[in-house]
Amino acid sequence: MIIYYYSTTGNSLYVARELQKSLPDVELRSLVTAGQEEAPVVDTDCVGFVFPMHYFGLPLQVEEFLQKLTLANSPYVFAVATCGVPYWGTPFMDMEKILAAKNCQVQAKWYVRLVSNYIPYRDIAADWRIAIRAWLAEKKIRKIAKAIAGREHHDTWQLLKKFCQSYHDKWQARQQSIDENFQCDKEKCTACGLCEKICPRDNIKRPNGQPVWQHKCVECLGCLHICPVKAIDYGDITKGRKRYRHKEVKAADLLRGISAAK
Ligand SMILES: Cc1cc2nc3c(=O)[nH]c(=O)nc-3n(C[C@H](O)[C@H](O)[C@H](O)COP(=O)(O)O)c2cc1C
Ligand code: SF4
Ligand code: SF4
């Protein structure tokens, strides 16, 4: 079994790893690294995708990868979307549309609710809330693993489809200007380079040590969350807000899945 994961603050990597622990013969593959291949092919009887929900839909990086992936031999396909608020969105519908064009179905879909890392909207949840969600997520992941082992079909809610899709499309349309919101506090920046390393799009250059964004951002927020001195902000709105990484995932684990692609 191969599980492709995409993760910038660790939630999806955590879920992918837990599934790997509970199921036999699972290989985890970074979707960013795999996406560097011109024509990636997966040839196995079971393929999974674990990714965050972005703007009620698929992250742009995941969408692009699915477009170019070839799935040989009609495998059992499952998908897990990690999120802050489940059910409001159409990530699986979007995925099914792409794979249907390749005569492939998504047999099982689940949301796993963890913590929203989208701090331009609101601050990271309180620790007690994170702990409850982690406990519930652990139980849900066990159920998901069991269903995958039995190659079961599983559907889930995707609410407010039209609203969510038009919101997602509008976001995608303004992709080139997304990173105009980022700013770096030169007084705080230590020129450590982590923001550049975590970026799955090679969208950060550092001619003088500090990040300069190159207008091909997918708004994963990896750079903002990984900065050890909170030098990066999204406008003024994220100032004073917490930064996030799943407690069981190290920065090095996230970087491994991205830097290998560079
Ligand atoms: C650009 C962006 C958009 C997001 N949109 C949503 C959303 O529509 N619904 C939601 O529940 N969470 C949303 N989130 C939160 C993430 O889906 C959530 O924190 C996810 O678990 C992060 O996974 P990761 O740590 O593997 O990157 C968004 C996050 C980002 C960065
Ligand atoms: S991660 Fe932060 S401190 Fe490091 S180079 Fe980037 S902005 Fe500067
Ligand atoms: S610039 Fe930052 S938010 Fe944009 S793709 Fe790179 S790491 Fe993600």
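A short reminder: the numbers here are calculations on the coordinates, not readings from a lab. Since we're looking at a predicted model, the values are computed, not measured. With ideal geometry, Cβ positions are generated from the backbone for all residues, glycine too; neighbour counts draw on all protein chains shown.
Each residue of segment 15-30 was assigned a 3J(HN,Hα) from its phi angle through the Karplus expression (A = 6.51, B = -1.76, C = 1.60, θ = phi - 60°), giving 4, 4, 5, 5, 5, 4, 5, 8, 10, x, 6, 9, 9, 8, 10, 6 Hz with x at Gly and Pro. Largest mean-square fluctuation among 56, 65, 163, in a Gaussian network model of the chain whose springs join Cα atoms under 10 Å apart, belongs to 163. Cysteine residues of the chain whose Cβ has no partner cysteine Cβ closer than 4.7 Å: 46, 83, 104, 164, 184, 189, 192, 199, 217, 220, 227. Label segment 175-259 by shape, choosing from rounded, prolate and oblate, from the square roots a ≥ b ≥ c of the eigenvalues of the Cα gyration tensor; if a/c is under 1.5 it is rounded, and otherwise prolate applies when a/b is larger than b/c, oblate when it is not. Taking the square roots of the gyration eigenvalues as a ≥ b ≥ c, segment 175-259 is rounded.
Considering Cα pairs under 8 angstrom that are at least six residues apart, work out the relative contact order of segment 175-259 and quote it in whole percent.
Values: 116 pairs, mean separation 29.5, N = 85.
It rounds to 35 percent for segment 175-259.
Label sites at residue 38 and residue 181, each approximated as a point 7 angstrom past Cα along Cα to Cβ, lie 3.7 nm apart. Placing pseudo-labels 7 Å out from each Cα toward the beta carbon at residue 171 and residue 130 gives an inter-label distance of 2.2 nm. When each of the peptides 177-186, 191-200 is scored by how many other beta carbons lie within 10 Å of its residues on average, the order from highest to lowest is 191-200, 177-186.
Counting only DSSP H runs of at least 4 residues, each contributing -39500 (n - 2.57), and dividing by the residue count of the chain, the helix-based mean residue ellipticity at 222 nm comes to -10000 deg cm²/dmol. Partner lysines whose Cα lies under 21 Å from the Cα of residue 146, excluding those fewer than 8 positions away in the same chain, are identified as 21, 109. The spacing between segment 224-262 and segment 79-131, judged by their C-alpha centroids, is 19 Å.
Excluding residue 105 itself, calculate the net charge of residues whose Cβ lies under 15 Å from the Cβ of residue 105, where each Lys or Arg counts +1 and each Asp or Glu counts -1. Result for the local shell: -1.
Please compute the length gained on full extension between residue 242 and residue 22, using 0.36 nm multiplied by the number of residues separating them and subtracting their Cα-Cα distance.
Details: separation 220, 0.36 × 220 = 79.20 nm, distance 3.19 nm.
Length difference between fully extended and current span is 76.0 nm.
Its relative contact order, with pairs defined as Cα atoms under 8 Å and 6+ residues apart, puts segment 2-164 at 23 percent.
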